[in-house]
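J.: First, the structure itself, so that you have it in front of you.
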Amino acid sequence: MSTRDETAVSRRTYSFHDPSAQVPTLLGMDGLQLLRGLQEGSLSAAPLESTLDYRVVEVDRGSVTIGVRPREWHGTHSGNVHGGLIASVADAVCGYAVQTHLPAGSYAVTAKLCVSFLHPVSPGRQALRCVGSAPEPEQGCSQATAELVDPNGKVLAEATATVRVLSV
């Protein structure tokens, strides 16, 4: 006997750009230019951004905000948003915050990520913000932080990341 309801099937279709197509352009931009290009839409989002459905909404040197609206496809069997979405958005915003400090030809990669899930997140209509900040890297490394907050300012998750700087 099957407990699956075959009538409750949902489908999702999305598209994304091949990231290799814009690599030459990206290599000529400093990190702040790159992030502002993502914010303004003059640069294509990375495939993961399209897959998870988040976007850069604010950019300043050392600070980036990502907007995300958790949907049913981000959910678990318990009805909450999977921690992997939260960790991925926190990871992205930490790396992006470091990236804003970098010259052309350099990029940020996460070496270590620690996420604390403070409150459950439910799929729905609420747009959440993940705010990341990072000081200028020293000796090729920076310690970044992120907070996922709801529209009322309630902190739902916190993250810290060790982000390394690499050059092409």
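The values are calculated or read from the model by the stated rules, or taken from the named source; none is laboratory data. Small disclaimer: the values here were computed from a predicted structure and weren't measured. Counting neighbours? That spans all protein chains shown, and the Cβs are built from the backbone with ideal geometry, glycine included. Accessible surface is based on the protein model in full, side chains and every heavy atom, while ligands, DNA and RNA are left aside. Shrake-Rupley method; radii C 1.70, N 1.55, O 1.52, S 1.80 Å.
J.: For a quick check, take a GNM of the chain with Cα springs below 10 Å and name the residue from S88, S20, S116 with the largest mean-square fluctuation.
T.: Most flexible of the set in this elastic network: S20.
J.: Which whole-number percent is the relative contact order of the chain (Cα, under 8 Å, 6+ apart)?
T.: Dividing the mean separation by the residue count of the chain yields 22 percent.
J.: Now, a different point. Given a 1.4 angstrom probe, I'd like the percentage of the accessible area of the range 48-168 that is carbon and sulfur, rounded to a whole number. Working shown, then result.
T.: Details: 3010 of 6150 Å².
The computed percentage sits at 49.
J.: Looking at the chain as a GNM with Cα springs under 10 Å, which of G75, G132, G62 has the largest mean-square fluctuation?
T.: Answer for the Gaussian network model of the chain: G75.
J.: Now, a different point. May I ask which residue of V93, G75, A161 lies farthest towards the positive end of the charge dipole of the chain, with charges of +1 (Lys, Arg) and -1 (Asp, Glu) on Cβ and the Cα centre as origin?
T.: Checked the options; the winner is G75.
J.: Give me the angle, in degrees from 0 to 90, between the Cα long axis of helix 31-40 and the longest principal axis of the Cα atoms of the chain, rounded to the nearest 10.
T.: Result, in degrees: 40.
J.: If one takes the longest principal axis of the Cα atoms in the chain, at what angle in degrees, from 0 to 90 and to the nearest 10, does the Cα axis of helix 83-99 lie?
T.: 10 degrees
J.: Ok, one more. Mind running the shape call on the range 1-92? Use the C-alpha gyration tensor, a ≥ b ≥ c as the square roots of the eigenvalues: rounded below 1.5 for a/c, prolate if a/b tops b/c, oblate otherwise.
T.: Cα axes put the range 1-92 in the prolate bin.
J.: What does the charge count near D30 come to, summing +1 for each Lys or Arg and -1 for each Asp or Glu among other residues with Cβ under 12 Å from its Cβ?
T.: Within the 12 Å Cβ shell, the charges total +2.
J.: Give me the dipole magnitude in Debye, nearest 20, for the chain about the Cα centre, with unit charges on the beta carbon: positive for Lys and Arg, negative for Asp and Glu. List each step's numbers first, then the result.
T.: Working: 13 positive and 16 negative charges, 56 e Å.
Roughly 260 debye, rounded to the nearest 20.
J.: Please turn the phi angles of the range 50-63 into ³J(HN,Hα) values with the Karplus equation 6.51 cos²θ - 1.76 cosθ + 1.60 (θ = phi - 60°), one per residue in order, whole Hz, x for glycine and proline.
T.: 5, 5, 8, 6, 10, 8, 6, 10, 9, 9, 8, 4, x, 8
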